[in-house]
Amino acid sequence: QFSPNYKDGRNGMVHLFEWKWDDIAAECENFLGPYGFAGLQVSPVNENAVIGGRPWWERYQPISYKLTTRSGNEQQFASMVKRCNAVGVRTYVDVVFNHMSANGNSRGTAGSQADPGSKSFPAVPFSTLDFNPTCSITNYNDPKNIRNCELVGLRDLNQGNSWVRDKIVDFLNHLVDLGVAGFRVDAAKHMWPADLAVIYGRVKNLNTAHGFNAGAKPYIFQEVIDLGGEAISKSEYTGLGAVTEFRHSDSIGKVFRGKDQLRYLVNWGTAWGFAASDRSLVFVDNHDNQRGHGAGGADVLTYKVPKQYKMASAFMLAHPFGTPRVMSSFAFSDTDQGPPTSDGSNIASPRFNSDMSCNNGWVCEHRWRQIYNMVGFRNAAANAQLQNWWDNGKNQIAFSRGNRAFVAFNNDGYDLSSSLQTGLPAGTYCDVISGSKSGSSCTGKSVVVGSDGRANISIRQNEQDGVLAIHVNAKL
Ligand code: QV4
Ligand code: CA
């Protein structure tokens, strides 16, 4: 449960927030597969409450474990997973089993009816016996309150109950049968680690018919927001799987917003209070904190501040620490606003511009050249160590990944222009930030590395991007 089960030679996952299954299947074949992405996180797959105005967060209010949502039905989901696996892209499902829907939210996306007021969810079925007694989460210094009471009124399941465990395990095993590679466990902080250990322990090994190794376990990354100062810490969960490392999101935001100097990134990793590398699912922003939900909001970078966002994303993807996840958003102004629709209720498909970027309401950060080319950088760097660290004592830094890849950043208010050790073999390389390698030329800047590994690196303060990145797969 600690390995993402990526195919060899691939790295980097993307959260295709609120995308439809048919659109994701096509995206795997047309884009994610060809550009080297290793995996994707989907929005919750199981039946959720239909809520007026169709906010994005209705998907976090389960009605049953039937696989019908606004993203599609079970057959469409199964076909998507299969098509994505066929092109080397693994699927991770956002599973919500801390709770069911809140009072008043009774009709499901698969047509099921529930009565959350009396804790009755017949389509599972769950009844009042399967839930914790009603109380509200009010005290983050009290583990019992956090785990046995309701998060914003969401009916709180008792994972200590054997029927509840059975239903959750059946749900997870059904997804494993369909070929998924792992799970994001929603609201893990609100469940007892001992209960989770039992549930995870009963989940099947991955389905070898989908190309997984015999004995491979699902990758589990648990949503535990631990920015310090609360009773529950992520270390209670890192023995069970990875955790979503919110300190990474918070710290990288502060650094690239200029609240911390780039030179301090020299010891990026556990020295910053992060969980161990193989237990850290890392990200610049997630679907909550990009819109002020959850915790750690103020300094989070999003698509709305593109220059800093691309720099932070490039750093995350260039650095060997953690398992990085790229956020792929829809454009929003209101924090409750759901995905773009064709008619107020059916989710609209993304459309694509000639430069591969999205329109029709979708932001698709994963289709920004500066981001997908850094996934290519991460694949080229493979397991090479971080070497050749350089900084100017302030906000200009550079490092290599062994002799495979090299990256430089300029977040100072003046130009970077220096002869730096790249670690790379002599030759001419295309900068994959300002452009790409196209046949025998570069569409952006090129960098000439001498026989001593050094190159003149220039990033002007007024350039569109404050990053330059080269690697062995972008050599002329
Ligand atoms: C309202 C009132 C409550 C009242 C309740 C019932 O505010 O006081 O008790 O009605 O009458 C939505 C609304 C919220 C509403 C609730 C119930 O925003 O106002 O309560 O529904 O109808 C997402 C959203 C929430 C949303 C929830 C359910 O962020 O706003 O609540 O979905 O639809 C903590 C946790 C962490 C959590 C984070 C947001 O430790 O686990 O808060 N993050 C995850 C997901 C997140 C999701 C949930 C958990 C819940 O990433 O997206 O919340 O599944 O930090
Ligand atoms: Ca709980």
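The values are calculated or read from the model by the stated rules, or taken from the named source; none is laboratory data. Worth saying up front: this structure is predicted, and the values here are computed from it rather than measured. All Cβ positions, glycine included, derive from the backbone under ideal geometry; neighbour counts span all protein chains shown.
Quick look at the values:
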read-out: Test for residue 39: is it buried (at least 18 other Cβ atoms within 10 Å of the Cβ) and closer than 28 Å to residue 376 by Cα; value: yes
read-out: Any helices (runs of 4 or more DSSP H) falling wholly within segment 156-270 and containing at least 2 residues that are within 16 Å of ligand 1 (Cβ to nearest atom) and not β-branched (Val, Ile, Thr); value: 193-201, 246-256
read-out: Top-ranked residue in segment 326-384 [being over 26 Å from residue 59 (Cα atoms) and basic (Lys, Arg); ranked as surrounded by the fewest Cβ atoms within 10 Å (Cβ to Cβ)]; value: 369
read-out: Residue match in segment 56-64 (condition: among the β-branched types (Val, Ile, Thr) and touching a Ser or Thr at 6+ places or on another chain (Cβ under 7 Å)); value: yes
read-out: Cβ pairs under 7 Å, 6+ apart, first in segment 57-68 and closer than 11 Å to residue 125 by Cα, second assigned to a helix (DSSP H, G or I); value: 65/167; 65/171
read-out: Selection from segment 441-476 of residues that are closer than 21 Å to residue 256 by Cβ, out of contact with any helix residue (DSSP H, G or I) (no Cβ under 8 Å at 6 or more places or on another chain) and surrounded by fewer than 17 Cβ atoms within 10 Å (Cβ to Cβ); value: 458, 460, 461, 462
read-out: Condition met for residue 31 (under 16 Å from residue 362 (Cα atoms), out of contact with any Lys or Arg (no Cβ under 6 Å at 6 or more places or on another chain) and not in a loop (DSSP other than H, G, I, E, B)); value: yes
read-out: Selected residue (criterion: nearest to the chain's Cα centre (by Cα)) from residues of segment 70-126 that are within 16 Å of ligand 2 (Cβ to nearest atom) and among the β-branched types (Val, Ile, Thr); value: 95
read-out: Hits in segment 431-453 (condition: in a strand (DSSP E or B) and more than 28 Å from the chain's Cα centre (by Cα)); value: 438, 441, 442, 446, 447, 448, 449
read-out: Criterion: assigned by TED's automatic domain parsing to the domain that holds residue 37 and in a loop (DSSP other than H, G, I, E, B) - qualifying residue of 285, 355, 299; value: 355
read-out: Residues of segment 216-230 classified as over 17 Å from residue 273 (Cβ atoms) and within 16 Å of ligand 2 (Cβ to nearest atom), total; value: 2
read-out: Which listed residue is within 30 Å of residue 136 (Cα to Cα) and within 12 Å of ligand 2 (Cβ to nearest atom), from 151, 172; value: 151
read-out: Residue in segment 126-149 that is nearest to residue 197 (Cα to Cα), counting only those that are touching a Phe, Trp or Tyr at 6+ places or on another chain (Cβ under 9 Å) and not aromatic (Phe, Trp, Tyr); value: 147
read-out: Matching residues in segment 118-154 - criterion: being farther than 21 Å from residue 165 by Cα, within 13 Å of ligand 1 (Cβ to nearest atom) and either acidic (Asp, Glu) or surrounded by fewer than 12 Cβ atoms within 10 Å (Cβ to Cβ) (or both); value: 138, 152
read-out: Close pairs (7 angstrom Cβ cut-off, 6 or more residues apart or separate chains): in contact (Cβ under 8 Å) with a residue 24 or more places away in the chain in segment 365-387, of a type in the set (A, V, I, L, M) and in a loop (DSSP other than H, G, I, E, B) anywhere; value: 367/356; 370/433; 373/432; 373/433; 376/432; 377/432
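Here's the yes/no breakdown for (1) in contact with a strand residue (DSSP E or B) (Cβ under 9 Å, 6 or more places away or on another chain); (2) closer than 29 Å to residue 388 by Cβ; (3) hydroxyl-bearing (Ser, Thr, Tyr):
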| position | (1), (2), (3) |
| --- | --- |
| 277 | yes, yes, yes |
| 284 | yes, yes, no |
| 288 | no, no, no |
| 293 | no, no, no |
| 304 | no, no, no |
| 307 | no, yes, no |
| 315 | yes, yes, no |
| 321 | yes, yes, no |
| 328 | yes, no, yes |
